[in-house]
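Participant: What follows is a single structure, and I will ask about it in a moment.
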Amino acid sequence: KLRTSRAKPLFNRALQGQYPPGSTIKPFIGLAGLEDGTITTETSLFCRGWHTIKGDDHKYRDWKKRGHGHTDLKKSIVESCDVFYYDLAQTMGIDRIHDFLAPFGFGSKTGIDISGEANGILPSTKWKRRVRGKPWYLGETLIAGIGQGYTLTTPLQLAKATAILANRGHSVQPHLFKQASQPDAEPREYQASSDSTLISKVKDSNWEATIEAMEDVIYGRHGTARRINHGQPYRIAGKTGTAQVFGIKQDEEYVEEDVGKHLRDHALFIAFAPSDKPQIAVAVIVENGGHGGSVAAPIAGAVIDQYLGGRQ
């Protein structure tokens, strides 16, 4: 039954499941924009609920129909404004986005010491030409800016990228294997290395601006994960995400109750804590779970509480 179950309980989703990161990608793209000078923390645009490309009538819609109004980087992360990232991605271009995100581990295996890990996909113009044999289109850049389209990540990749962000550019190798044993031989213990590698040189002020916004996702009045703020003795930084399973036309509306469960949006949440001296990074993906703030964030909060409960 386990082998034939539609739920695929034997499938190692953490290493092999590949999902659109949805809005969990926004802090990384916002950081990219800060670092290459495309935006500053003061850059603001007016979100009216959609974005258009010059000469094209197609509307790239925000999840919030009426829009977010005047929006800067902090507000764009706290309220998860899509239009801000459509505009930022259009200005940066897919290849600059690719080059900034690649050192965070998107689109490549983490190298964890167990087999079967998937690569994920971090698209670029070269990638599409090589894999699809087609040119890259500007509209594809826009949806990449909100973690949709070709971009795919495993939960482990997303957790590693979150840890690198938490550590302000320092990467620690994921490790799971503990011990190997053979008949007539002493068990061989494997110790995880605590050494870190600086993979992304980013200005301190840009790290802190991004992380401060991620804190307000939990502690801000309009934060999309404020429900997991219950007075913990440490601060959490995080980002919610909702990833579409199928596309809808621009004049159609997604109504969760009207689609089969297997077609409902995935719920995502990334987080780390304590935000000033991180000890744990978490990525949660709930398949067809709906909204990241209401479904995935409480799971991450419970994991963090359990881990840090006896360590404070």
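Laboratory data are not the source of any read-out in this text; all were calculated from the coordinates shown. Nothing here was measured: the structure is a model prediction, and the numbers come from that model. Note that we place each Cβ from the backbone using ideal geometry, even for glycine, and neighbour counts take in every protein chain shown.
Participant: List the relative contact order of the chain as a percent without decimals, with contacts defined as Cα pairs under 8 Å and 6+ residues apart.
Facilitator: 19
Participant: In what sequence do Phe106, Phe269, Phe84, Phe177 fall when counting other Cβ within 10 Å, fewest first?
Facilitator: Phe177, Phe106, Phe84, Phe269
Participant: Given the C-alpha atoms of the chain, compute the convex hull and give its volume per residue in Å³.
Facilitator: Once divided by residue count, the hull of the chain is 170 Å³.
Participant: Can you give the longest stretch of the chain with no exposed loop site, where a site means GluC sites (Glu not before Pro) in a DSSP loop (not H, G, I, E or B) with at most 14 other C-beta atoms within 10 Å?
Facilitator: 43-251
Participant: Among Arg168, Arg227, what is the fewest-to-most ranking by other Cβ atoms within 10 Å?
Facilitator: Ranked by crowding around the Cβ, least crowded first: Arg227, Arg168.
Participant: A further question follows. Above 25 Å lies some portion of the pair distances; for the stretch 83-240, what is it as a whole percent of all C-alpha pairs?
Facilitator: 45
Participant: Based on C-alpha coordinates, I'd like the Rg and Dmax of the stretch 60-174, in Å.
Facilitator: 15.4, 47
Participant: I would also like to ask the following. When you have a sec, figure out the Kirkwood radius of the stretch 163-209 from all distinct Cα pair distances and drop it here in Å to one decimal?
Facilitator: The Cα-based Kirkwood calculation yields 13.2 Å.
Participant: Translational D (Stokes-Einstein, µm²/s) of the stretch 120-197 at 25 °C and 0.890 mPa s when Rh comes from the Kirkwood sum over C-alpha pairs?
Facilitator: Taking Rh from Cα pairs, D becomes 153 µm²/s.
Participant: Enumerate the aspartates and glutamates that Lys109 could reach by cross-link, defined here as Cα to Cα under 17 Å, with residues fewer than 8 away along the same chain left out.
Facilitator: Asp99, Glu117
Participant: Evaluated at 25 °C with a viscosity of 0.890 mPa s, what Stokes-Einstein diffusion coefficient in µm²/s does the stretch 62-109 have when Rh comes from the Kirkwood expression over alpha-carbon pairs?
Facilitator: Estimated via Stokes-Einstein, D reaches 202 µm²/s.
Participant: So, how do all the Cα-to-Cα distances of the stretch 1-98 break down into 5 Å bins, in percent, from 0 on up?
Facilitator: 2, 12, 19, 19, 15, 8, 7, 7, 6, 3, 1, 0
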